[in-house]
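Presented below is the structure to which this report refers.
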Amino acid sequence: MSTKFNLDRKFLPMLVSIGLFLLLYLYGIVQYKGFSSPQVFFNLLIDNAFLLITSIGMTFVILSGGIDLSVGAVIAFTTVFSAFLLETTGLSPAVVIPLVLLIGVAQGAFVGTIIHYFKVQPFIVTLASMFFFRGMCFVISTDAITITNEFYRAVALFRIPLIGKTFISINVVIVLVVLLVALYLAHLTRFGRTVYAIGGSEQSALLMGLPVARTKILVYTLNGFCSALAGVVFSIYMLSGYGLYTTGLELDAIASVVIGGTMLTGGVGYVIGTVFGVLIQGLIQTIIMFQGDLNSWWTKIVVGLLTLFFIALQSAFAARSKSRLAASTQKTLAMHAPTSAAAGAQK
Amino acid sequence: MAEVTDLLLMQGISKTFPGVHALANVDFSLHRGEIHALMGENGAGKSTLIKVLTGVERQNEGIILFDGKEIQPRSPLQAQALGISTVYQEVNLCPNLSVAENILLGREPHRFGGVDWRALNRRASEILTWLDVDIDVRQSLGAYPVAIQQMVAISRALEISAKILILDEPTSSLSAYETEKLFEVMRKLKSEGMGIVFITHFLDQVYAVADRITVLRNGQLVGTFATAALPRYELVAKMIGRNLTELEDMSRLKEASGQELASEPTLQTRGLGHIGTLHPIDLDLYSGEVLGFAGLLGSGRTEVANLLFGVDKADSGTLTVNGKPVEKPSPLHSIQIGRAYCPEDRKADGIVGDLSVRENIILAIQASRGWFKYLERDKQVAIAERYIQVLNISTPSTEQLVKNLSGGNQQKVILARWLATEPNILILDEPTRGIDIGAKAEIQKLVLTLATEGKACIFISSELDEVLRTSHRVIVMRDHAKVAELVGNEIDEEKIMQTIAGETP
């Protein structure tokens, strides 16, 4: 075994997105006054906390070769249901928060079970779940509900001071915890490695004797938990619940995962990449804000182009590594061919 | 009569699927430290026997004794736990994971509540080193060639401490050198007392490594023989269940064709080359002959075919067809001027599994007509039926989905697709890979028949005897260049091998 560290090509898409983030950041600093303040970066985290959490959950789903369209609806449902419970019934947040998280978990486990045991496309099952939860929002309340709960307000307004006059919110701390747990799960547990294996080839994972059923269900369960948690974070961020919140957010999450270098076909990608995928989107938004004279919808256009670019990049890498493999095969053959043929001739 | 040395004894195994007797009263035994070849044509029951042994299917009758105790595995997992591991033709591992993970995932070492990557990598390289494979185990498996992937699959089986290793056509995508490496590993495992079941279509390989041979035909046991006591011709006769008049037919056909060649070549290249993949090559192909290409996998044979058909663009040289230079070669242009190309990798490049036999056969005709000149349904059926008959494709109807046919029949469907375009020049790249002896003989015969009808064929194959049997002239490739052209009496096995090896005879 060679001890030299070889940069595996599977890291490349992620490195490209990290590079892109740094480039955009540099552009912002050069172009706009005040962009270099660390608070600009911290605001990225504060404003995108919910998207970060749900995108991290989505990364596991996509790594396993699946997709989950229900996250936006689950987030909206969580905000409405939390607001309803807090304001109308007066339940304590100590009850409400665990309850909505449990609903997210149950939702994910149910969806995962259907997908695995009934062999239904994840697209369809999660689409159904999306409609169900979006509809349930309006069963609870057709209007936005403002959250006046003391605890929520306190958490929302709390600023954790950092160097200088900069600060982060409690939501950012939650994101960092989720990120650490996700990194641990993905790289240091059998669960995480099995997710990669399933994304690489479900059939092989099964033949290798890995717990495919359990892992697939757990992936959707984890994502259900992440979307409910994102919902809690979002209700703290908005201090209200509304059925029209986060429409289409599932697509932002998927785009973040792809821009972060994860293959939509599963098996290749990194949680860290996804973080940069989200931050790139946030950064584009910030740049457009600093620019001042551009419509904020330009963010969507740029994100669309970026997503396309990353998908093209991935297929280019896939094609190149295939031809590289062919070339290396030929090289080994050329090296050894004469001796083996000679051995054959002696027979 | 269970001997003490029998590691595995399968007795009176029968398995019926609705309407089919897949296995009828088959016995099979495996000693410790033995390589036992399981032979038979496609559909003879080899896979069903293996599936019963590995718990994928359950037998209707019969018992399995493993180490003298009766077992009944219910799943591949259970079989693995008992010590029966299988390495399939298509490697069933995860290409996106590292080599080390592929060997150890599911039994990976842990430390401080997480996967211990250092121990994992160390253990994996220990196993691979024992197999004489020196690679970076941290790289993705997909970065390595199939041969290495197969070694990794074997390593995984070793890690589970398998007592029986089943190798299901492990060599069909390996080069000669890689195959030899695999055999070394097999002999090593054998000396450790492991029992190995070896399934292959290659007779050479059976005689190179196997101690005993069990032959199945149509779900019945033909017999178990010591390799040394069974001459090749007898083995072939036992497998196909008829004598070898077909081979004689073929030599007569070969005599008949290739006699009167036109004075002008129908296809000619001068200095045709592609930087990095093919040194400039001169070729003449005449109507009515079969031009064979010999050489190792990766010696540039497929690259020639790709250039000739316009799949790849040449960097230098000229290509002339029927006296007219081809300026901008492309596959579509090639089809239109009456050429056909049956590529090497039929799964990836040829067959459309979810379409019917009829739809697959008419695909190329339709493409050459253009998609707007729709071929009428009854004409399609007529064409399909004609080629099903000519090529002896076994399918219940023209509407059967191609993925439900056996490998040999799929290959014939691809051939039918190109024959249906009535080409003058036919390029066949490994047309008989992975199909059984009976179907191979039929395809070889067909190629010769086409030559007698005045068509020109290029026949590329890794199996020398096949090239010898069909070709009137043989071009030998080595290191991406044409190194020799052999005609008539010069075409013999020894000479070709020496040329491939680069020794001057």
Considering only residues of segment B:391-416 that are without any contact (Cβ under 8 Å) to a residue 40 or more places away in the chain and either part of a helix (DSSP H, G or I) or under 24 Å from residue B:201 (Cβ atoms) (or both), which is most open to solvent (accessible area, probe 1.4 Å)? B:404
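Could you check how many residues of segment A:139-181 are surrounded by fewer than 15 Cβ atoms within 10 Å (Cβ to Cβ), in a helix (DSSP H, G or I) and not small (Gly, Ala, Ser)?
First pass over segment A:139-181, keeping only residues surrounded by fewer than 15 Cβ atoms within 10 Å (Cβ to Cβ): A:139, A:142-143, A:146, A:148, A:150, A:153-154, A:157-165, A:173, A:176-177, A:180-181.
Narrowing further to those that are in a helix (DSSP H, G or I): A:139, A:150, A:153-154, A:157, A:173, A:176-177, A:180-181.
Still in the running and not small (Gly, Ala, Ser): A:139, A:150, A:153, A:157, A:173, A:176-177, A:180-181.
Number satisfying all stated conditions: 9.
Can you tell me which residue among B:30, B:105, B:49 is touching a helix residue (DSSP H, G or I) at 6+ places or on another chain (Cβ under 8 Å), buried (at least 18 other Cβ atoms within 10 Å of the Cβ), in the same structural domain as residue B:233 (by TED's automatic domain parsing) and of a type in the set (A, V, I, L, M)?
Working: B:30 fails: touching a helix residue (DSSP H, G or I) at 6+ places or on another chain (Cβ under 8 Å); B:49 fails: touching a helix residue (DSSP H, G or I) at 6+ places or on another chain (Cβ under 8 Å).
None of the others qualify; the one that does is B:105.
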Segment A:52-85, residues that are in a helix (DSSP H, G or I) and open to solvent by 10 Å² or more (accessible area, probe 1.4 Å): A:77, A:81, A:84, A:85
Only one of these conditions is not met by residue B:120: (1) open to solvent by less than 10 Å² (accessible area, probe 1.4 Å); (2) under 24 Å from the mean Cα position of the chain (by Cα); (3) over 19 Å from residue B:76 (Cβ atoms); (4) not acidic (Asp, Glu). Which number is it? (2)
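Being more than 18 Å from the chain's Cα centre (by Cα) and closer than 26 Å to residue B:336 by Cα narrows it down to one residue among B:420, B:501, B:481; which is it?
Values: B:501 fails: closer than 26 Å to residue B:336 by Cα; B:481 fails: closer than 26 Å to residue B:336 by Cα.
Step by step, each of B:420, B:501, B:481 is checked, and only B:420 is more than 18 Å from the chain's Cα centre (by Cα) and closer than 26 Å to residue B:336 by Cα.
Give the residue that is nearest to the other protein chains (Cβ to nearest Cβ), with candidates limited to residues of segment B:123-134 that are buried (at least 17 other Cβ atoms within 10 Å of the Cβ) and at pLDDT 90 or above. Can you show your working first?
Going residue by residue through segment B:123-134, those that are buried (at least 17 other Cβ atoms within 10 Å of the Cβ) are B:123-125, B:127-128, B:131, B:133.
Add one more test, that the residue is at pLDDT 90 or above, and what stays is B:123-125, B:127-128.
On the way: B:123: 11, B:124: 9, B:125: 4, B:127: 12, B:128: 8 Å.
In this case the residue turns out to be B:125.
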Would you please name the residue that is farthest from the other protein chains (Cβ to nearest Cβ), looking only at residues in segment A:192-219 that are without any contact (Cβ under 8 Å) to a residue 60 or more places away in the chain and touching a Ser or Thr at 6+ places or on another chain (Cβ under 6 Å)? A:194
Residue B:354 versus (1) open to solvent by 30 Å² or more (accessible area, probe 1.4 Å); (2) in contact with a strand residue (DSSP E or B) (Cβ under 7 Å, 6 or more places away or on another chain); (3) at pLDDT 85 or above: which is the lone unmet condition? (3)
Suppose we filter B:327, B:359 for residues that are open to solvent by 60 Å² or more (accessible area, probe 1.4 Å) and at pLDDT 80 or above; which single one remains? B:359
Part of a strand (DSSP E or B), open to solvent by less than 10 Å² (accessible area, probe 1.4 Å) and away from every other protein chain (no Cβ under 14 Å): is that true of residue B:426 in this structure? yes
Output the residues belonging to segment B:463-488 that are open to solvent by 50 Å² or more (accessible area, probe 1.4 Å), farther than 22 Å from residue B:441 by Cα and more than 11 Å from chain A (Cβ to nearest Cβ). B:482, B:483, B:485, B:487
Could you please let me know if residue B:10 is among the hydrophobic types (A, V, I, L, M, F, W, C), at pLDDT 85 or above, more than 30 Å from residue B:440 (Cα to Cα) and surrounded by fewer than 22 Cβ atoms within 10 Å (Cβ to Cβ)? yes
Among residues of segment A:255-311, those that are hydroxyl-bearing (Ser, Thr, Tyr), assigned to a helix (DSSP H, G or I) and farther than 19 Å from residue B:96 by Cβ, counted: 4
Breaking point among (1) of a type in the set (Val, Ile, Thr); (2) part of a loop (DSSP other than H, G, I, E, B); (3) within 30 Å of residue A:83 (Cα to Cα); (4) open to solvent by less than 30 Å² (accessible area, probe 1.4 Å), for residue A:247: (4)
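Of everything in segment B:281-322 that's among the acidic types (Asp, Glu) and assigned to a loop (DSSP other than H, G, I, E, B), which residue is nearest to residue B:476 (Cα to Cα)? Quick ask: steps written out before the conclusion?
Going through segment B:281-322, the residues among the acidic types (Asp, Glu) turn out to be B:282, B:284, B:289, B:303, B:312, B:315.
So of that shortlist, the ones also assigned to a loop (DSSP other than H, G, I, E, B) come out as B:289, B:312, B:315.
Numbers: B:289: 17, B:312: 21, B:315: 22 Å.
Going through the qualifying residues, I end up with B:289.
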If you go through segment B:91-102, how many residues are surrounded by fewer than 24 Cβ atoms within 10 Å (Cβ to Cβ) and more than 7 Å from every other protein chain (Cβ to nearest Cβ)? 1
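Filter segment B:52-63 for residues that are in a loop (DSSP other than H, G, I, E, B) and not small (Gly, Ala, Ser); which is most open to solvent (accessible area, probe 1.4 Å)?
Taking segment B:52-63 first, the residues in a loop (DSSP other than H, G, I, E, B) are B:54-60.
Adding the requirement that they be not small (Gly, Ala, Ser) leaves B:54, B:56-60.
Values: B:54: 5, B:56: 73, B:57: 47, B:58: 115, B:59: 25, B:60: 90 Å².
Ranking the qualifying residues of segment B:52-63, first place goes to B:58.
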Matching residues, segment B:165-210, being within 13 Å of another protein chain (Cβ to nearest Cβ) and part of a strand (DSSP E or B): B:166, B:168
Unmet criterion (only one of (1) open to solvent by less than 30 Å² (accessible area, probe 1.4 Å); (2) among the hydroxyl-bearing types (Ser, Thr, Tyr); (3) within 22 Å of residue B:30 (Cβ to Cβ); (4) without any contact (Cβ under 8 Å) to a residue 60 or more places away in the chain) for residue B:75: (1)
Matching residues in segment B:327-360 - criterion: being in contact with a Ser or Thr (Cβ under 7 Å, 6 or more places away or on another chain) and assigned to a loop (DSSP other than H, G, I, E, B): B:344
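The values are calculated or read from the model by the stated rules, or taken from the named source; none is laboratory data. A quick note: this is a predicted structure, and the numbers were derived from the prediction, not measured. When we count neighbours, we look across all protein chains shown, and the Cβ atoms used for this are built from the backbone with ideal geometry, even at glycine. Just the protein is used for accessible areas: all its heavy atoms, side chains included, with ligands, DNA and RNA removed. Shrake-Rupley method; radii C 1.70, N 1.55, O 1.52, S 1.80 Å.
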